[in-house]
Amino acid sequence: MEYKKQTRLSMFLALSILLSIIESFFPILSGILPGMKLGIANIIIVIVMFLYGRKDAFLISILRVLLMGMLRSGVFSIAFFFSLTGSLFSIGIMALLYKTKLSIIGVSIIGSIFHSVGQMITAILILKIPNLIYYLPFMVLFSLITGLLTGYLAKQSIQYIQRRL
Amino acid sequence: MNKSDLKLIASILGITIVFLAIFSMIQKQEAKTAVIYYQNEVMQRIDLTQNEQREYIVEGENGPVVIEVNKGKIRVKQEESPLHICSKQGYISKNTEMIVCLPNKIVIQIEAKDIIDAVVR
């Protein structure tokens with residue numbers, strides 16, 4: 001049983017890294033507002049959280065950030081810190097809220113929004129540009145849409161996976 | 001999607017609309033000043049209420065950055081950077097709008113003196 005779970009979790013980790021890499025090939029959205037992403041890797045985090053609980057989701061999330069840092073941006077680069085704080089904010093709020101009345105989609109939306117909020121706080125602190133706060137409402141609206149989308153996809157995938165587990 | 005999801009979405013939309021309304025009120029403030037920063041230090045303050053066309057040259061990280069002011073609007077006309085993001089951005093004119101040129105470590109920000117200072121401090 002333990003091995004089965006371990007294997008599945010590592011498969012999910014690999015999938016989340018795959019999605020992150022695929023996403024980095026399409027920087028179209030950051031042309032609209034710098035730093036914008038769909039956040040499709042969050043689908044995996046949400047799936048793991050609802051299938052295995054918050055601890056495992058936290059683990060997968062942090063490992064994904066670390067591995068992506070090693071593969072792409074380089075550990076301890078600015079992009080890595082943005083990614084890390086964003087993910088910590090996102091997984092933190094999702095872990096707090098996933099046992100409330102909110103469905104998978106609601107949890108995904110709030111996670112996506114807090115990802116943006118976390119990155120915005122880091123950007124303001126590191127780049128020292130307090131006026132960035134004026135972009136926050138737009139980021140939040142955009143995150144609402146992407147969170148809805150990824151939440152819906154996560155919900156569909158969970159139904160599909162649960163029938164086969 | 002259940003009821004509390006819809007409540008969540010509604011409250012998020014409500015809060016963002018309130019913030020957007022506040023921010024757009026700040027943007028409508030007159031007496032605009034454009035402030036040019038180099039490495040977070042103020043290099044120059046430009047009054048945007050005067051109408052004539054002017055050009056300013058600021059030393060950036062990769063060389064001179066040419067900034068043009070015209071009819072209350074400001075833009076980066078010419079600069080040395082890999083992607084030329086800030087010169088492609090074009091004119092900005094509203095309060096709180098900004099041009100960020102990371103390679104040159106130059107930030108141009110439009111400020112309405114009173115309110116922005118109050119917010120920042």
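The values are calculated or read from the model by the stated rules, or taken from the named source; none is laboratory data. Remember, it's a predicted structure, so these values are computed and weren't measured experimentally. Cβ atoms come from the backbone with ideal geometry, glycine included; neighbour counts cover every protein chain shown.
How many of the residues in region A:84-120 are hydroxyl-bearing (S, T, Y), within 11 Å of chain B (Cβ to nearest Cβ) and within 14 Å of A:S143 (Cα to Cα)? Steps first, please.
Quick first cut of region A:84-120, residues hydroxyl-bearing (S, T, Y) only: A:85, A:87, A:90, A:98, A:100, A:103, A:108, A:112, A:116.
The next check asks that each one be within 11 Å of chain B (Cβ to nearest Cβ); those that pass are A:100, A:103, A:108, A:112.
Adding the requirement that they be within 14 Å of A:S143 (Cα to Cα) leaves A:108, A:112.
Qualifying residue count, region A:84-120: 2.
Does any residue of region A:66-74 turn out to be among the polar types (S, T, N, Q), touching a helix residue (DSSP H, G or I) at 6+ places or on another chain (Cβ under 9 Å) and under 17 Å from A:L18 (Cα atoms)? Give the derivation first.
Start the filter on region A:66-74 by keeping residues that are among the polar types (S, T, N, Q), which leaves A:73.
Right, trim to touching a helix residue (DSSP H, G or I) at 6+ places or on another chain (Cβ under 9 Å) and you get A:73.
In the following step, the residues that additionally are under 17 Å from A:L18 (Cα atoms) were identified as A:73.
Scanning region A:66-74 turns up at least one residue that is among the polar types (S, T, N, Q), touching a helix residue (DSSP H, G or I) at 6+ places or on another chain (Cβ under 9 Å) and under 17 Å from A:L18 (Cα atoms).
Take the residues of region B:8-58 that are more than 11 Å from chain A (Cβ to nearest Cβ), assigned to a loop (DSSP other than H, G, I, E, B) and within 17 Å of the chain's Cα centre (by Cα): which is farthest from A:L153 (Cα to Cα)?
B:T49
Take the residues in region A:124-147 that are of a type in the set (F, W, Y) and within 24 Å of A:I40 (Cβ to Cβ); name whichever of them is modelled with the lowest pLDDT.
Taking region A:124-147 first, the residues of a type in the set (F, W, Y) are A:134-135, A:138, A:142.
Cutting the leftovers down to within 24 Å of A:I40 (Cβ to Cβ) gives us A:135, A:138, A:142.
Values: A:Y135: 81, A:F138: 86, A:F142: 89.
It comes out as A:Y135.
Residues checked against (1) under 17 Å from the mean Cα position of the chain (by Cα); (2) of a type in the set (V, I, T):
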residue	(1), (2)
A:Q119	yes, no
A:K128	no, no
A:V140	yes, yes
A:I161	no, yes
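Tally time: how many residues in region A:17-39 are at pLDDT below 80 and charged (D, E, K, R)?
Residues in region A:17-39 being at pLDDT below 80 and charged (D, E, K, R): 1 in total.
What is the number of the single condition among (1) within 19 Å of A:I129 (Cα to Cα); (2) out of contact with any helix residue (DSSP H, G or I) (no Cβ under 9 Å at 6 or more places or on another chain) that B:K73 does not meet?
(1)
Which of (1) under 23 Å from A:L127 (Cα atoms); (2) within 14 Å of another protein chain (Cβ to nearest Cβ); (3) buried (at least 17 other Cβ atoms within 10 Å of the Cβ); (4) without any contact (Cβ under 8 Å) to a residue 40 or more places away in the chain does B:D5 not meet, given it meets every other one?
That leaves (1) as the condition not met.
Tell me, which residue of region B:70-99 that is assigned to a strand (DSSP E or B) and under 14 Å from the mean Cα position of the chain (by Cα) is surrounded by the fewest Cβ atoms within 10 Å (Cβ to Cβ)?
First pass over region B:70-99, keeping only residues assigned to a strand (DSSP E or B): B:70, B:73-78, B:92, B:98-99.
Subset that is under 14 Å from the mean Cα position of the chain (by Cα): B:73-76, B:92, B:98-99.
Details: B:K73: 17, B:I74: 25, B:R75: 19, B:V76: 27, B:I92: 19, B:M98: 20, B:I99: 22.
Across region B:70-99, the extreme among qualifying residues is B:K73.
Looking only at region A:127-148, count every residue that is at the interface with chain B (Cβ under 7 Å from one of its Cβ atoms), touching a Phe, Trp or Tyr at 6+ places or on another chain (Cβ under 9 Å) and either part of a helix (DSSP H, G or I) or buried (at least 20 other Cβ atoms within 10 Å of the Cβ) (or both) and tell me the total.
Summing the residues that are at the interface with chain B (Cβ under 7 Å from one of its Cβ atoms), touching a Phe, Trp or Tyr at 6+ places or on another chain (Cβ under 9 Å) and either part of a helix (DSSP H, G or I) or buried (at least 20 other Cβ atoms within 10 Å of the Cβ) (or both) in region A:127-148 gives 3.
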